[in-house]
Amino acid sequence: MQIGIVATLARTTAVAALATGAVALLPEAAFAATEPGAAKGAFPPFDSKTFASQLFWLALTFGGLYWLMAKIALPRIGSVLTERGATLARDLDEAAAAQAKAQDSAKAYEDALAAARARAQGIAQAAREASAKASDDRRKAVEAELAAKAATSDAAIAAAKTQAMGNVRDLGVQVAAAIVAKLTNAEPSAAETAQAVDAVLAR
């Protein structure tokens, strides 16, 4: 890129030198044309009599422009290009650092999100286990309470059955004694009647 700029500046310098040489010869040509009795001559740039002055002014102008380009213009252009290259490199470094920072931030966010999900799953699992344990404890307590109530009911039923069977036996003994007395006109003993009723109930 710098070589192209230098070549363009060199071409511009050469054109400017030629133009300057031509301008420098214009006063001489005008003076020669205004001399009384002067004959018409060739175009001044092509006149062999003015070649020496043309070459002198061309060399002087080219040397001056070359010195200006070499000492002032090109160093400034080079410094501008160097500064621009440094700015671009710095911007690229900052962009790379920002990209790396963004990637680190994204990775940290993903890690934090994964940790939060793991904690949430652990909390949910602990809640499910606690709920299952509480339900199991309540079920066992209800089963124990129902078993106690069933045992109490069974005991009450058994007692009522025993009491009812005792009443039925007593009633049977009385009825059997009355039937035997009615049929035989003789009062049976209480022991015999009770033994007979017990034998019937035992069948």
Cross-chain or 6+ apart pairs with Cβ under 7 Å, the stretch 161-181 first and on the phi > 0 side of the Ramachandran plot and touching a residue at least 12 places away in the same chain (Cβ under 8 Å), then part of a helix (DSSP H, G or I) and surrounded by 12 or more Cβ atoms within 10 Å (Cβ to Cβ): none
Any pair with Cβ under 8 angstrom, 6 or more apart, that starts in the stretch 111-122 at a residue that is in a helix (DSSP H, G or I) and ends at one that is surrounded by fewer than 10 Cβ atoms within 10 Å (Cβ to Cβ) and not basic (K, R): none
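Return yes or no: is L81 surrounded by 10 or more Cβ atoms within 10 Å (Cβ to Cβ) and touching a residue at least 12 places away in the same chain (Cβ under 8 Å)? Write out each step before concluding.
Values: surrounded by 10 or more Cβ atoms within 10 Å (Cβ to Cβ): yes; touching a residue at least 12 places away in the same chain (Cβ under 8 Å): yes.
Judged against the criteria, L81 is a match.
Only the coordinates and a few stated rules stand behind these numbers; no lab work does. This structure is a prediction, so every number in the text was calculated from the model and none was measured. Cβ coordinates were reconstructed from backbone atoms using ideal geometry, including for glycine residues, and neighbour counts include every protein chain displayed.
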